[in-house]
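Enquirer: Take a look at the following structure, please.
The values are calculated or read from the model by the stated rules, or taken from the named source; none is laboratory data. Here the structure is a predicted model, which means the values were calculated and not measured. Backbone-built Cβ (ideal geometry, glycine too); neighbour counts: all protein chains shown.
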Amino acid sequence: MNENWLFHWNRIREKLWVKPLLMCLLSIAAAFLATVADQPGIREWMPKVSKESVETLLELVASTMLVIAMFSVGSMVAAYASASSSATPRSFPLVLADDTSQNALSTFIGVFIFSVVALIALKNDFYEQAGVFALFTLTILVFAIVILAFIRWVDSIARLGRLGNTIDKVEKATASAFEQRLHMPYLGGQMALSSTPQGVSIFRESIAYLQRVDMVRLQLLAEKFDLKVHVQSVPGTFCTPNRAIATVEYLNKAEKLGDEGLQALGNCFVLADNRTFDQDPRFGLVVLCEIASRALSPAVNDPGTAIDVIGTLVRLFHQWADGKQRKMPEVQYDRIYVPGLVEQDLFDDAFTGIARDGAGAIEVAVRLQKAFESLSAIGFKPLAKAARVHSQLALARSELAMALPQDIDAVRSAAKF
């Protein structure tokens with residue numbers, strides 16, 4: 001259930017309107033909270049404050065907050081455009097979900113709503129003398145929050161959308177997806193059988209990417225209908241109507257699922273137009289590879305970014321190797337069989353594009369061979385095997401792309417491991 005909540009929470013975070021709406025509701029509640037000071041037993045202790053001074057302060061806040069909010073939106077849109085153009089459009093959801101920017105925008109809009117509501121209530125004598133002082137105190141507090149939020153936001157917006165910041169966000173999201181998959185290597189189910197499962201195949205009519213498998217609901221349905229479910233499409237798979245997403249194996253041969261039962265099982269597989277980072281660690285590797293490939297294009301010609309991405313990939317694969325050598329976690333969903341991630345596929349996603357587009361750049365080719373050497377020395381055999389295979393492929397590409405014999409010798413020397 002925690003995994004389901006996390007998936008939906010991540011989708012909510014990608015919506016720019018959610019936090020401003022919540023802050024608006026809190027601001028309206030805060031404006032009316034000042035009336036509590038007018039209750040008997042409290043108002044006697046409140047000092048007197050000029051009503052006109054509070055009105056002036058609220059008018060100042062109301063006149064400036066909307067301008068600042070519009071300025072912040074313009075800056076955020078520019079940062080989003082920069083992230084999509086300089087890195088890759090696939091990184092846009094991560095930049096959009098930046099907490100600092102969303103919190104700052106929500107604060108500015110919320111304070112504007114607070115000042116307008118409080119000003120209307122004040123001019124209509126909604127507050128008594130104690131309430132006016134409480135409103136004055138709240139306004140000073142809100143003003144201090146705005147100043148702190150603005151300073152923090154300015155520090156963040158200077159980096160938001162920049163290429164290095166985007167790479168860091170993608171690395172963080174990919175590392176989180178890796179860690180989640182390491183704790184549940186088969187999404188909490190059992191390892192898929194090596195043989196082809198026999199049973200009834202489940203298809204979906206949609207043509208889209210598989211974003212998530214609702215393992216909790218799938219387990220409940222499997223127990224209800226007394227069957228096993230062999231998952232054939234993992235998150236990140238591009239699904240089509242002719243491609244089975246799962247196969248149902250009946251344990252009780254006398255009972256058969258109808259169309260409604262098969263549809264209920266199929267609905268446990270969430271499809272959408274785009275891939276997400278949650279249950280799909282390979283997507284993060286694809287995005288990082290895209291960033292490096294764009295940097296290596298003739299229009300950009302930035303091999304330093306590609307080298308930075310290679311270092312990021314090495315860190316991620318070290319994390320993967322360390323996690324794979326831990327103790328295997330317990331099975332949570334014993335009726336569901338899920339294929340695991342294959343290291344060769346992970347390397348294909350991460351390094352194929354970089355090796356192809358950076359084959360003619362000596363600094364990138366050598367750095368790539370050093371990365372493969374580092375990964376092969378970890379001691380995790382599947383990773384070492386994939387590193388050697390990709391080292392040979394990258395060397396072959398460099399030999400075809402490079403014209404200077406000295407450059408080719410340098411790459412061969414780095415690939416000797």
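Enquirer: Mind listing whichever residues of region 84-110 are under 19 Å from residue 283 (Cα atoms) and part of a helix (DSSP H, G or I)?
Expert: 84, 85, 86, 89, 90, 91, 92, 93, 94, 95, 96 - these are the residues of region 84-110 that are under 19 Å from residue 283 (Cα atoms) and part of a helix (DSSP H, G or I).
Enquirer: Still on this structure, I have one more. If you go through region 348-388 one residue at a time, how many are assigned to a helix (DSSP H, G or I) and small (Gly, Ala, Ser)?
Expert: 10
Enquirer: Oh, and also: Out of 377, 403, report the one residue that is of a type outside the set (S, T, N, Q) and more than 30 Å from residue 325 (Cα to Cα).
Expert: Answer to the selection: 403.
Enquirer: Out of (1) farther than 17 Å from residue 311 by Cβ; (2) touching a residue at least 24 places away in the same chain (Cβ under 8 Å); (3) in a helix (DSSP H, G or I), the odd one out for residue 340 is which?
Expert: The single condition residue 340 does not satisfy is (3).
Enquirer: Please determine, by comparing only the residues of region 150-189 that are part of a loop (DSSP other than H, G, I, E, B) and of a type in the set (Lys, Arg), which one is surrounded by the most Cβ atoms within 10 Å (Cβ to Cβ).
Expert: The selected residue is 162.
Enquirer: Going by the conditions given, is residue 317 assigned by TED's automatic domain parsing to the domain that holds residue 289 and under 16 Å from residue 181 (Cα atoms)?
Expert: So residue 317 fits the description; yes.
Enquirer: Further question: Does region 236-290 hold any residues that are without any contact (Cβ under 8 Å) to a residue 60 or more places away in the chain, among the hydroxyl-bearing types (Ser, Thr, Tyr) and surrounded by 16 or more Cβ atoms within 10 Å (Cβ to Cβ), and which are they?
Expert: Hits for region 236-290 are 237, 247, 250.
Enquirer: Further question: The conditions are (1) more than 31 Å from the chain's Cα centre (by Cα); (2) closer than 30 Å to residue 76 by Cα; (3) of a type outside the set (Gly, Ala, Ser), and residue 227 fails exactly one of them. Which is it?
Expert: Here residue 227 clears every test but (2).
Enquirer: Taking only region 389-406 into account, find how many residues are in a helix (DSSP H, G or I) and surrounded by fewer than 19 Cβ atoms within 10 Å (Cβ to Cβ).
Expert: Looking only at that region, the number is 9.
Enquirer: Check region 123-130 and report whether any residue there is surrounded by fewer than 16 Cβ atoms within 10 Å (Cβ to Cβ), more than 30 Å from residue 78 (Cα to Cα), among the basic types (Lys, Arg) and not assigned by TED's automatic domain parsing to the domain that holds residue 306.
Expert: Checked against the condition, which is being surrounded by fewer than 16 Cβ atoms within 10 Å (Cβ to Cβ), more than 30 Å from residue 78 (Cα to Cα), among the basic types (Lys, Arg) and not assigned by TED's automatic domain parsing to the domain that holds residue 306, region 123-130 yields at least one hit.
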